[in-house]
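Report on the structure given below.
Derivation of every value follows stated rules applied to the coordinates shown; laboratory data play no part. Remember, it's a predicted structure, so these values are computed and weren't measured experimentally. Reconstructed Cβ throughout: ideal geometry from the backbone, glycine too, with neighbour counts over all protein chains shown.
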Amino acid sequence: MEKIQGTYRHYKGGLYEVIALARHSETLEDMVVYRSLTDPQKVWVRPAAMWGETVCVQGKCMARFEPIQAPGCQIIRSDRRTLALRILPDGTVQVRAPRKIARARIDAFVDEHRAWIEENQRRVLRRQNRLASADVQELIRRAEQTIPPKVAAFALQMGVRPKSVRITQAKTRFGSCGVQNTLNFSCYLMLQEPAQIDYVVVHELAHILHKNHGPAFYACIERVLPDYRSREAALRQ
Ligand SMILES: [Zn+2]
């Protein structure tokens, strides 16, 4: 049970801190009491048995609560006379210390300031999370601008007509083509070079004609992108 204590990222992206382990007064069931890091007024309770569960959404499985590793501690010794603490942008604790001070003194100093360290690490973590979701929004925006025109142009060239084009936040694949010829493209495709983006677009459009990865499917791609092999290889890296 003690292992549960710490900071977690919920599979939907929220950050939570376990603040206590409790026991239901009637059923004696073990419960986890946890608090939102973005809105500390919000305190929740959930059966401990559910805490470590795996959640599957659209075929993708992940931990309901993913533990966030406590950032490490970095010690920098110099000619200074006093100890000083700083939280780096990634949450690492940096201690600046005099050259000859004993390690035990440094550890005691860190321990005395634990509350301050934890509060500031939470602040850093909250900011990182906000940045991460802002980045994804930016990728979605760029994908929505970039991908549909590419789909339209290549579809014309290939003589196919997709039913719809959607931008997703899929992390495990860049694109897919449904049985109804609905095309999905991950916003993370925007992190690739234009040559690779074009390849994924043509690949999914070719699935409108061939619902497999057989020779006819690749021949169809090759007519549009003769160098598709190198593009595909670059994508795999
Ligand atoms: Zn495919």
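With K and R counted +1 and D and E -1, the other residues having a Cβ less than 12 Å from that of residue 76 yield a net charge of +4. Between the amide H of residue 166 and those of 183, 184, 185, distances stay under 5 Å, these residues lying 5 or more places away or on another chain, with hydrogens modeled in the peptide plane.
Run the dipole for segment 2-67 about the Cα centre, Lys and Arg Cβ at +1, Asp and Glu Cβ at -1, nothing else charged, and hand back the magnitude in debye, nearest 20.
Values: 9 positive and 8 negative charges, 54 e Å.
Taking the Cα centre of segment 2-67 as origin, the dipole is about 260 debye.
Which angle between 0 and 90 degrees, to the nearest 10, do you get for helix 215-224 versus the longest principal axis of the chain when only C-alpha atoms count? Its long axis makes an angle of about 90 degrees. Net charge near residue 11: determine it from the other residues with C-beta under 15 Å of the C-beta of residue 11, scoring Lys and Arg +1 and Asp and Glu -1. Overall, the nearby charge balance is +4. Each Lys and Arg Cβ is given +1 and each Asp and Glu Cβ -1; about its Cα centre, the chain then shows a dipole of about 560 debye.
Extending 7 Å from Cα along the Cβ direction at residue 63 and again at residue 86 yields two label points whose distance is 3.1 nm.
For the chain, the cysteines with no partner cysteine C-beta closer than 4.7 Å are 73, 177, 187, 220.
The C-alpha atoms of the chain define a longest principal axis, and helix 194-209 lies at about 60 degrees to it. Please report the spacing between the Cα centers of segment 68-106 and segment 172-233 in Å, no decimals. A separation of 50 Å, based on Cα centres. Evaluated over the chain, the count of Lys pairs having alpha-carbon atoms less than 30 Å apart is 20 (only pairs 8 or more residues apart or interchain). To the nearest ten degrees, helix 114-158 and the longest principal axis of the Cα atoms of the chain are 0 degrees apart.
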